[in-house]
Structure formats: C-alpha cells, structure tokens
Amino acid sequence: MRIPDEVYLVLRPHGGQNDWTTMMHELGHALHFANMGRDLPFEFRWLGDNSVTEGYAMLFDHRLQDRGWLMRYTALGKQDLPRYLRAAGFEELQFLRRYCAKLIYEVELHAGSTPWASLPDLYVETLSAATGFRYQRADAFLDVDPRFYAARYLRAWQLQAALNDVLREQFNEDWWRNPQAGPWIEAELFGHGQRELATEQAERIGAGALSFGPLVRAIESLLG
C-alpha cells in the first residue's frame, strides 16, 4: 500500500504443494517491496523493470526445487524426494516452454499481420506444440498477458537462476539459512528497488550476461 512501510502478503490457499510455491513466490515480492530504500523516487519503487521483482519472487519459490531446503524444512523423505524433484523439473520445463510459446504467439497477435480469424488456430498450434498439452481455441484471446509480461517472466527466470548461483558462490549452497546472506540481499538487491533493468543488476553483482544456461542446467539436475 505504501512501499516500503506498508506491505501485505495475500493468498488464496487451495491445498497442496502449489500453495507453498505461491506463498514463497509472494513472500519474495513482499520482502522486496518492504526492503526498498525509503528515499528512492516513486519511479524506482512503483515502476521499473518487473523482471526484477519477479526474479526475486522466483528466487524464493524455487526453494521448492532445492534439495537441501526441502530436506531441512519439509517432511519429504529420502524415497519421495527424488520423485518429487523429478516431477518439479518436468513442471518447470513445461512452464518455461509455455511462456516461450506465449511470447511467440503474443508477438504475432499484436503485430497485426495474422488475420484475426486465424489467431485461435495459431494459439492452439503454438502452445500445444511447445508443451505437449492440447490448448483450446476459446482461450486464444483470454490467455494473453498485457504489455508482453510473458517476456518479463522469461527474463525473471534467467535472473533468479543467476542470483541463485551468485548466492551459492558467496554464501554456500544453503545460503537461505546463512545469516550473512540476508544483509547482502537487502543491500545489493532489495534496497535498489527497481532502478535497474534485470540485465544491469546481473552485471553489477557479478552474474554476467543473463541467459537460459544456468536455468537449463538446474532443470537437467532435477531431471537426473
């Protein structure tokens, strides 16, 4: 409501693992907004590149794919954990391919070069081919994010993987319980609000140029 002084985390639980993923995702947003520099201009607190805040949200929700975090904080046993992580890897890959396909479709949708009547078939063909799931023509104009937000999510996926690698390098693989990691995250990440593009932030903290490389390696590790 008043960043950074008044921030709320609101959820609508439905049950199951997805609730925990959602909670961790929104917690990442909440921590970001609550720890922005109070003196930052309005533009850097409310506007900017949303790939950044989505990257932080994904950094937290991806603890549900972190073997060490899961072993420490959940009841998953040694027999269930490998199966869970493999399923999580396939889910991650499906979502990643879905958002790549969404962006391809939305570029065509907004370009105006494809006849309106042909767009539902293009939607079904593009999304179904990318994911292996059959999409419906009726969703062609509903399953669309404003202002190419699908691209923000894709860049956020890249950013979270890069951030995780930097945190592991500086604070070990269990950075999420290292008391030295919190102040660094606040000072080097959250405190900057959204004054930087995701690409600029990655360069500043030593992650280098953003790419899908770290994300692909993480998915391959989950799939085994």
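Each part gets one Cα centre, and for the stretch 107-131 versus the stretch 149-224 those centres are 32 Å apart.
Remark: the stretch 195-205, residue by residue, has Karplus-estimated 3J(HN,Hα) of 6, 10, 6, 4, 5, 5, 5, 4, 5, 5, 8 Hz, where x stands for each Gly or Pro and the curve is 6.51 cos²θ - 1.76 cosθ + 1.60 at θ = phi - 60°.
Of the listed peptides 8-21, 129-142, 201-214, 55-68, what is their order by residue-averaged count of other C-beta atoms within 10 Å, with the highest listed first?
Values: 8-21: 10.5, 129-142: 13.0, 201-214: 16.4, 55-68: 21.1.
Packing proxy ranking, top to bottom: 55-68, 201-214, 129-142, 8-21.
Rounded to the nearest 500 deg cm²/dmol, what is the calculated helix-only ellipticity per residue at 222 nm for the chain, with -39500 (n - 2.57) per DSSP H run of length n ≥ 4?
Dividing the helical sum by the residues of the chain leaves -19500 deg cm²/dmol.
With the Cα gyration tensor of the stretch 13-106 giving a ≥ b ≥ c as the square roots of its eigenvalues, does the rule (a/c under 1.5 for rounded; else a/b larger than b/c for prolate; else oblate) give rounded, prolate or oblate? Since a/c reaches 1.5 but b/c is at least a/b, the shape of the stretch 13-106 is classed as oblate.
How many times 2.2 N^0.38 Å is the alpha carbon radius of gyration of the chain? Write out the running numbers ahead of the final one.
On the way: Rg = 18.6 Å, N = 224, 2.2 N^0.38 = 17.2 Å.
This ratio for the chain stands at 1.08.
Residue by residue, the stretch 36-43 carries 3J(HN,Hα) couplings of 5, x, 4, 8, 5, x, 3, 4 Hz when phi is fed to the Karplus relation 6.51 cos²θ - 1.76 cosθ + 1.60 (θ = phi - 60°); x denotes Gly or Pro.
Within the chain, the selection of entire DSSP H helices by a Cα span of 24 Å or greater along the long axis and an average Kyte-Doolittle value of at least -0.5 returns 17-34, 80-111, 149-171. Near I104, once Lys and Arg are set to +1 and Asp and Glu to -1 for all other residues with Cβ below 15 Å from its Cβ, the sum equals -3. Computed from label points 7 Å out along Cα-Cβ, the spacing between D5 and E169 is 3.9 nm. Using a simple spin-label model with pseudo-atoms 7 Å out from Cα toward Cβ, A111 and D139 lie 2.3 nm apart.
Quick note: the coordinates plus some simple rules give every number you see, no bench work behind them. Because the structure is predicted, anything quoted here is derived from the model rather than measured. Positions of Cβ are backbone-derived with ideal geometry, glycine not excepted, and every protein chain shown enters the neighbour counts.
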